[in-house]
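Here is the structure we will look at.
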Amino acid sequence: MYVPKLFRLDDWPTIRQFIHQNSFAVLISHHEGKPWGTHLPLEITVNESGEKVLWGHLSRANPQWRSFESNPLVMAIFQGPHSYVSSSWYNHLNVPTWNYIAVHIYGTVKIMEEEKLYESLKLLVNRYEKVAKNPMDVETMPQEFVRREMKGIVGMEIAIEKIEGKWKLSQNRGDEDYRNIIQELEQLSDLNSKLVAGEMKKMRTD
């Protein structure tokens, strides 16, 4: 990913929190000589060796996983809020742009053994079931059913080798333009614009 120095963010706690809040990612690899992408949730955690890793799983019917052994290098893209920025909001003639937050993680993937897949499913289900009135729990579900359903998926662990964080939030604009962009974004009806305005406020305060 092209990341100018002005827009680069390397703070690990901020990146980790961003991934946690935007965990529905795109996993990209090479399959049969072509790029292949799958949309899926990925959880960032620490494995038994103390390494930062991503855990996730694919449908066994998805052929992407069959190329992991021969092409283990993968990229996971985490997308945050984004919004169009009109140049009419500046105090001078310029061009429009797009503000956004994104994180790319590069690493090496390997297939999980069954018990680690079970642990990853517990982590995933426990996190997302919190919003349900009667949350499900992998450990309290009929284990014969759970093990049977697990045969339809393939678990994976991605050892993180490189992280790129891009917070493109008009850092190259003067204070007046910066304030105007925030005000204009806050007046728009879509959620993304309001979220971008909120992130811009965090980045630069009066």
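The values are calculated or read from the model by the stated rules, or taken from the named source; none is laboratory data. Values in this document were obtained by computation on a predicted structure and should not be read as measured data. As a convention, Cβ positions derive from the backbone with ideal geometry for all residues, glycine included, and neighbour counts pool all protein chains shown.
Assorted remarks:
- Residues in the range 2-34 that are closer than 26 Å to Arg66 by Cα and part of a loop (DSSP other than H, G, I, E, B): Ser23, Glu32, Gly33.
- Out of Glu186, Glu164, Glu149, Glu199, one residue alone is of a type outside the set (Ser, Thr, Tyr), in a helix (DSSP H, G or I) and under 30 Å from Lys116 (Cβ atoms). It is Glu149.
- Exactly one residue out of Pro81, Pro96 is over 15 Å from Glu157 (Cα atoms), touching a helix residue (DSSP H, G or I) at 6+ places or on another chain (Cβ under 6 Å) and in contact (Cβ under 8 Å) with a residue 40 or more places away in the chain: that is Pro81.
- Screening the range 157-185 for residues that are surrounded by 12 or more Cβ atoms within 10 Å (Cβ to Cβ), of a type in the set (Asp, Glu) and over 24 Å from the mean Cα position of the chain (by Cα) and picking the one that is nearest to Ile77 (Cα to Cα) gives Glu184.
- The condition of being more than 20 Å from Met1 (Cα to Cα) and within 20 Å of the chain's Cα centre (by Cα) holds for only one of Gln64, Gln79, that being Gln64.
- With respect to the conditions (1) in contact with a Phe, Trp or Tyr (Cβ under 6 Å, 6 or more places away or on another chain); (2) at pLDDT below 95, Asp137 falls short on a single one, namely (1).
- Complete set of residues in the range 44-61 that are closer than 18 Å to Ile163 by Cβ and either at pLDDT 95 or above or in contact with a Lys or Arg (Cβ under 7 Å, 6 or more places away or on another chain) (or both): Ile44, Val46, Val53, Leu54, Trp55, Gly56
- Of the residues making up the range 42-68, those that are within 17 Å of Leu117 (Cβ to Cβ), assigned to a loop (DSSP other than H, G, I, E, B) and of a type outside the set (Phe, Trp, Tyr) number 6.
- Where Asn71 falls short, out of the listed (1) under 30 Å from Ser189 (Cα atoms); (2) free of Cβ contacts under 8 Å to residues at least 60 places away in the same chain: (1)
- Flag if Tyr100 is crowded, with 16+ Cβ neighbours inside 10 Å and more than 20 Å from the chain's Cα centre (by Cα): no
- Tally of residues being within 15 Å of His104 (Cα to Cα) and over 12 Å from the mean Cα position of the chain (by Cα) across the range 16-54: 6
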